[in-house]
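The values are calculated or read from the model by the stated rules, or taken from the named source; none is laboratory data. Keep in mind that this is a model prediction, so the values were computed, not measured. When we count neighbours, we look across all protein chains shown, and the Cβ atoms used for this are built from the backbone with ideal geometry, even at glycine. When the accessible area is computed, the model is the full protein with side chains, heavy atoms only, and any ligands, DNA or RNA have been set aside. Shrake-Rupley method; radii C 1.70, N 1.55, O 1.52, S 1.80 Å.
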Amino acid sequence: MSTPWHVLGAGSLGTLWATRLARAGLPVRLILRNAARLHAYQAAGGLTLVEHGEASTYAIPGETPEHPEPIRRLLLACKAYDAQDAVASIAQRLAPDAELILLQNGLGSQQAVAAQVPQARCICASSTEGAFRDGDWRVVFAGHGYTWLGDAGHPVAPIWLDDLQAANIPHEWSPDILTRLWRKLALNCAINPLTVLHDCRNGGLQQHHCEVATLCAELAELLERCGQPAAADNLQAEVERVIQATAANFSSMYQDVANRRRSEISYLLGHACKTAERHQLHLPHLQQLQQRLIRHLHSLGLPSD
Ligand code: NAP
């Protein structure tokens, strides 16, 4: 029997992955926070994926973190700010050859998790797929996309990419995953905070061209300084292209704030500012943007970490 996929985090991406793997006949186990969540999940009868308007339910076995089965392959599908606590809850179950696939956005949480479980292989992912929850244990597949996976320490691709192929999860093994994660982080820093502060859709930033350009210049300087010149390449042009192509959309940070949810700011703009400080790089506009955003979140009574 092939190695089971343990999925930790039954939210949007966790459900999107778990249901597609289960649909392909692969063994999947869902790890819920505690016995109460496990009972609620079991009462629902499984995870439901809504795709092209059609809902399908998959009775994927659920378990709590205390289950005795060792974990060899773990898909970590929680938010960046929950990653370390979630991994701590199952750390004692990790087999000596365990592999973790980290789906978190931004940077910082992956490094923290890798330090927490040094014996395990940690593979980072960067995804353009989109999904959202429209009920408990129910997820809508909103945007088809691609997932890049890579391990900055070991360039060899794992054999389980075959499982992703079988599950129709579009993916590619990336030898430069850190560059991809930094590029995505930079795009996010140039767009998302400004959409919150100017209270606008992505397209609204076309009215703030100079502000965007100044941020892109500072972000490019940061990327160069931290050894990611490829991520800095033509950054401003891509930011402008994204603003235009997604003009009608609300950014993920805008949606988090509008729905009074905690955002992943510490792993995006916060990580950029922290890295600049570590390199003693003075990026006044980026730092000012972080301060404005933190003040704004506080004024709304939302967490800024
Ligand atoms: P989400 O819908 O909030 O799901 C996260 C899940 O993790 C929740 O079900 C949460 O449970 C669970 N969780 C947190 N801590 C846990 C713990 N200790 N034990 C068990 N479960 C735990 O988040 P998401 O949208 O899937 O995002 C996951 C990551 O993927 C984020 O970094 C996000 O930026 C990134 N991403 C998301 C998308 C997307 O379209 N959704 C696209 C690209 C990247 P509770 O509900 O009980 O808190």
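A few remarks follow.
- Residues whose amide H lies under 5 Å from that of Arg138, counting only those 5 or more places away or on a different chain, are Thr48; hydrogens are built 1.01 Å from N in the peptide plane.
- The Gln280 and Gln255 beta-carbon pair, evaluated with R₀ = 30 Å, returns a calculated FRET efficiency of approximately 0.30.
- The range 5-174 - share of DSSP beta bridges that are antiparallel (%, nearest 5): 35 percent
- Contact order for the chain, expressed relative to its length and based on alpha carbon pairs under 8 Å spaced 6+ residues apart, stands at 15 percent.
- Other residues lying with their Cβ under 12 Å from the Cβ of Pro229 contribute a combined charge of -2, Lys and Arg counting +1, Asp and Glu -1.
- Each 5 Å bin from zero up to the one holding the largest Cα-Cα distance in the range 179-299 carries the following percent of pairs: 2, 12, 24, 25, 21, 12, 4, 0.
- Student exercise, the range 78-150 dipole from Lys, Arg, Asp, Glu Cβ charges, in Debye to nearest 20: 40 debye
- Antiparallel bridges, percent of DSSP beta bridges restricted to the chain (to nearest 5): 35 percent
- Whole-number Å³ per residue for the convex hull built on Cα positions in the range 83-220: 157 Å³
- Between the Cα long axis of helix 235-245 and the first principal axis of the chain there is an angle of about 70°, rounded to the nearest 10.
- Degrees, to the nearest 10: 284-299 long Cα axis against longest axis of the chain: 60 degrees
- If you sort His282, His6 by accessible surface, 1.4 Å probe, largest first, the order is His282, His6.
- For the range 213-223, the Karplus equation 6.51 cos²θ - 1.76 cosθ + 1.60, evaluated at θ = phi - 60°, returns couplings of 5, 4, 5, 4, 5, 5, 5, 5, 4, 4, 4 Hz by residue, with Gly and Pro reported as x.
- Enclosing the Cα atoms of the range 39-130 in their convex hull gives a volume equal to 119 cubic angstrom per residue.
- Amide H contacts of His171 (H built 1.01 Å from N, under 5 Å, at least 5 apart or other chain): Thr147
- P(r) tail for the range 5-174: Cα pairs beyond 29 Å make up 12% of the total.
- Acute angle (nearest 10 degrees) that the helix 269-278 long axis makes with the longest principal axis of the chain, alpha-carbon atoms: 70 degrees
- Measuring r between the beta carbons of Ala245 and Gln165 and using R0 = 41 Å, the FRET efficiency lands at 0.90.
- Net charge dipole size for the chain [Lys, Arg +1 and Asp, Glu -1 on Cβ; Debye, nearest 20]: 520 debye
- Point-charge dipole on Cβ atoms (K/R +1, D/E -1) for the range 257-305, about Cα centre, debye to 20: 140 debye
- Peptide ranges 256-263, 207-214 listed from the most packed, as the mean C-beta count within 10 angstrom indicates: 256-263, 207-214
- Extending 7 Å from Cα along the Cβ direction at Glu66 and again at Arg23 yields two label points whose distance is 3.5 nm.
- When shorter helices are ignored and each DSSP H run of at least 4 residues is given -39500 (n - 2.57), the per-residue value for the chain at 222 nm works out to -13000 deg cm²/dmol.
- Based on protein heavy atoms only, the chain ends up with 46 Å² per residue of surface accessible to a 1.4 Å probe.
- Accessible-area composition of the chain, carbon plus sulfur, in percent [1.4 Å probe]: 50 percent
- Most mobile of Arg73, Arg278, Arg93 in a GNM of the chain (Cα contacts under 10 Å): Arg278
- Remark on the chain: hydrodynamic radius 20.2 angstrom, per the Kirkwood mean of 1/r across alpha carbon pairs.
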